[in-house]
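One structure coming up, written as structure tokens, with questions to follow.
The values are calculated or read from the model by the stated rules, or taken from the named source; none is laboratory data. Predicted, not measured: the structure shown is a model, and the values here were computed from it. Cβ atoms come from the backbone with ideal geometry, glycine included; neighbour counts cover every protein chain shown. Note: areas computed on protein heavy atoms with side chains; ligands, DNA, RNA excluded. Shrake-Rupley method; radii C 1.70, N 1.55, O 1.52, S 1.80 Å.
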Amino acid sequence: VFWVNQRWLDYTGVPADQLEQGGRKRIYPPERVDEVTNRIASAVAAAEPWESMEPMRGPGGHYRWFLCRGIPIRDEHGQIVRWLCTCTDVSTRRFLDEATALLTSTLDYEQTLQQLASLAVPELADWCAVDLAAGTAIRRVAITHQDPAVLELAKRYAERYPGGSEGVAKVVRSGESMYVPQVTDETLSVTIPDPEQRAQLTALGLQSVIIVPLTARGRVLGAITLLT
């Protein structure tokens, strides 16, 4: 490996000269490193393209799914002179495919929504919650977090504040998504007027959030919240 682009460096932090010196252990899950290494070696030995779907570690230690491909580049005599390898982030596409299959598999909507929340963690977020509108009220029907200890805190928060945040209520009312790339004290003071509720959210260590409406047949049924 003699060259990688800036996007690769931004995501993995592993330069080209370290990839063959144990750098793959910083990128792939430990149980996948040997398989990835052997697959690439076999493709090179057989002079054949290779392709696989792999979780890759990015900033903050989170894994996202990538479609990885390697193709040989040949000279005018047909000899392989180098290999071009690409990695394309397919986490969102993978989530949408799995979510679509899930949503059409059962009529038990509360069980389905809990499974949907679990699908999103940790691939899309650290924390996912689903709220449904029941008249003028909002009810939390699903919540999951990749850290069991934080999940318990999140569940207790949801029990104490069953109506969710003002952000969830606003998305349900308007049908428009809300995205906060960086949660600050100022952001929380605007969306959470209650100081005690705001303090509990701060204790959960929120960094960013997106809330999207859950719609069907043109009607807003609730909202899905993804947080890191």
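Please say if the range 1-85 is rounded, prolate or oblate, where rounded means a/c under 1.5 for a ≥ b ≥ c the square roots of the C-alpha gyration tensor eigenvalues, and otherwise the choice is prolate for a/b larger than b/c and oblate otherwise?
prolate
How large is ³J(HN,Hα), in whole Hz, for each residue of the range 87-103 in order, when computed from phi with the Karplus curve 6.51 cos²θ - 1.76 cosθ + 1.60 and θ = phi - 60°, using x for Gly and Pro?
10, 10, 5, 10, 4, 5, 4, 5, 4, 5, 5, 5, 5, 4, 4, 5, 5
In whole percent, what relative contact order does the range 1-131 give with Cα contacts below 8 Å and a gap of six or more residues?
It comes to 15 percent, rounded to a whole number.
In a GNM of the chain with a 10 Å cut-off on Cα contacts, which of Asp89, Asp185, Asp75 has the highest mean-square fluctuation?
Of the options given, Asp75 has the highest mean-square fluctuation.
If I build a Gaussian network model for the chain, linking alpha-carbon pairs within less than 10 angstrom, which residue out of Ala99, Ala45, Ala203 has the largest mean-square fluctuation?
Result: Ala45 has the largest fluctuation of those listed.
A further question on this structure: Run lengths n ≥ 4 of DSSP H only: what is the helix-derived mean residue ellipticity at 222 nm for the chain, with -39500 (n - 2.57) per run over all residues, to the nearest 500?
For the chain, the value works out to -12000 deg cm²/dmol.
Using alpha-carbon pairs under 8 Å, 6+ residues apart, how would you state the relative contact order of the chain in percent?
12 percent.
What net charge is computed for the residues neighbouring Arg94, neighbours being all others with C-beta under 14 Å from the C-beta of Arg94, Lys and Arg scored +1, Asp and Glu -1?
Around Arg94, the charge tally is -3.
Still on this structure: Per the 1.4 Å probe, what fraction of the accessible area of the range 32-188, in percent, lies on carbon and sulfur atoms?
Roughly 53 percent, rounded to a whole number.
What is the range 47-203 by shape, rounded, prolate or oblate, if you read a ≥ b ≥ c off the alpha carbon gyration tensor as root eigenvalues and call it rounded for a/c under 1.5, prolate for a/b larger than b/c, and oblate otherwise?
prolate
Also, I was wondering about something else. Roll a 1.4 Å probe over the protein chains and send me the accessible area per residue for the chain in Å².
Value returned for the chain: 60 Å² of accessible area per residue.
Taking H placed 1.01 Å from N in the peptide plane, check which residues at least 5 places from Gly175 or on another chain put their amide H under 5 Å from its amide H.
Long-range HN contacts for Gly175: none found.
Longest exposed-loop-site-free stretch of the chain, with GluC sites (Glu not before Pro), DSSP loop and at most 14 other Cβ within 10 Å?
Answer from the scan: 77-175.
Can you tell me how much longer the chain between Thr136 and Arg217 gets when fully stretched, taken as 0.36 nm per residue apart minus their C-alpha distance, in nm with one decimal?
This chain segment gains 27.2 nm when fully extended.
Could you give the nm distance between label points at Ser189 and Glu98, where each point is 7 Å from its Cα heading toward the beta carbon?
The answer from the label model is 4.0 nm.
Residue-wise, which Karplus ³J(HN,Hα) couplings in Hz belong to the range 200-210, taking 6.51 cos²θ - 1.76 cosθ + 1.60, θ = phi - 60°, and x for glycine or proline?
3J(HN,Hα) across the range 200-210, in whole Hz: 5, 5, 4, 5, 7, x, 5, 10, 8, 8, 9.
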